[in-house]
Amino acid sequence: MREVKKTAISIPEVKEILEKIDIEKADQIQKRTLDYVLKFSKVEPEKARNLKEKLVKECSLKDEEAIELINIMPKSLDEIRFFTSGWKKLLPTEDVKKILKILSEA
């Protein structure tokens, strides 16, 4: 049996994958997912990968946390605080400012 590796990816990366599928042959879930990612993707896939790498490296975030922020692309410190409030760690203001700076470069 082949082992399946799971990797979290951002909405822009999902969009990139689904755009390669022949829409005529896609199932209903693929079509609905493509419709969703076309509406809510906020940056290009390559930019999303670069942002994730920077957020993980420079802000000590987990991949999943960086992806959550990339999917949302908050525009203020308050928005970042709101979206990160559910995490099991409190981010220092300095880190939140760094996150905002990185995201604003997109």
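Can you spot the aspartates and glutamates whose alpha carbon is less than 17 Å from residue 101's alpha carbon? Ignore those fewer than 8 places along the same chain.
The qualifying aspartates and glutamates are 53, 58, 65, 68, 78, 79.
Any idea which of 51, 18, 29 is furthest toward the positive side of the dipole for the chain, if Lys and Arg beta-carbons carry +1 and Asp and Glu beta-carbons -1?
51
For the chain, what is the mean residue ellipticity at 222 nm derived from helices alone (per DSSP H run of n ≥ 4: -39500 (n - 2.57); sum divided by total residues; nearest 500 deg cm²/dmol)?
Numbers: 6 runs with 66 residues, N = 106.
Calculated at 222 nm, the ellipticity per residue is -19000 deg cm²/dmol.
Show me 49-61, 18-30 ranked by packing, highest mean number of other Cβ atoms within 10 Å first. Working shown, then result.
Values: 49-61: 16.9, 18-30: 10.2.
Descending mean neighbour count gives 49-61, 18-30.
I'd like the Karplus ³J(HN,Hα) series for segment 15-25: coefficients 6.51, -1.76, 1.60, θ = phi - 60°, whole numbers in Hz, and an x wherever there's a Gly or Pro.
4, 4, 5, 5, 5, 7, 7, 5, 4, 5, 9
With the cut-off at 24 Å, tell me which of the pairs 5/57; 47/97; 20/62 have Cα atoms farther apart than that.
On the way: 5/57 22 Å; 47/97 19 Å; 20/62 28 Å.
Table pairs above 24 Å Cα-Cα are 20/62.
Within 10 Å, count the other beta carbons around each residue, average over each peptide in 1-7, 64-70, 83-89, 96-102, and list them highest first.
On the way: 1-7: 4.4, 64-70: 20.6, 83-89: 11.1, 96-102: 17.3.
With the highest mean Cβ count within 10 Å placed first, the list reads 64-70, 96-102, 83-89, 1-7.
So for the chain, averaging the separation of alpha carbon pairs under 8 Å that are six or more residues apart and normalising by length, what relative contact order in percent results? Kindly include the intermediate steps, with their values, before the conclusion.
Numbers: 82 pairs, mean separation 30.0, N = 106.
Once divided by the residue count of the chain, the mean separation gives 28 percent.
What is the spin-label model distance, in nm, from residue 64 to residue 39 if the labels are put 7 Å beyond Cα along the C-beta direction?
Calculated label separation equals 2.6 nm.
Whole number please: convex hull volume per residue of the Cα set in the chain, in Å³? Let's see the in-between values first.
On the way: hull volume 14.2 nm³, N = 106.
Cα convex hull per residue, to the nearest whole number: 134 Å³.
Evaluate the relative contact order of segment 45-104 (contact order divided by residue number), counting alpha-carbon pairs under 8 angstrom at least 6 apart; express in whole percent. Intermediate results must be reported in sequence, preceding the final value.
Working: 39 pairs, mean separation 22.9, N = 60.
Relative contact order comes out at 38 percent.
How big is the dipole moment of the chain about its Cα centre under a simple scheme where the beta carbon of each Lys and Arg is +1, that of each Asp and Glu is -1, and everything else is neutral? Debye, nearest 20, please.
Working: 23 positive and 21 negative charges, 42 e Å.
The calculation lands at about 200 debye.
FYI, it's all coordinate maths here, none of it is from the lab. Computed from a predicted structure; not experimentally measured. No Cβ is skipped: glycine too gets one built from the backbone with ideal geometry, and neighbour counts run over all protein chains shown.
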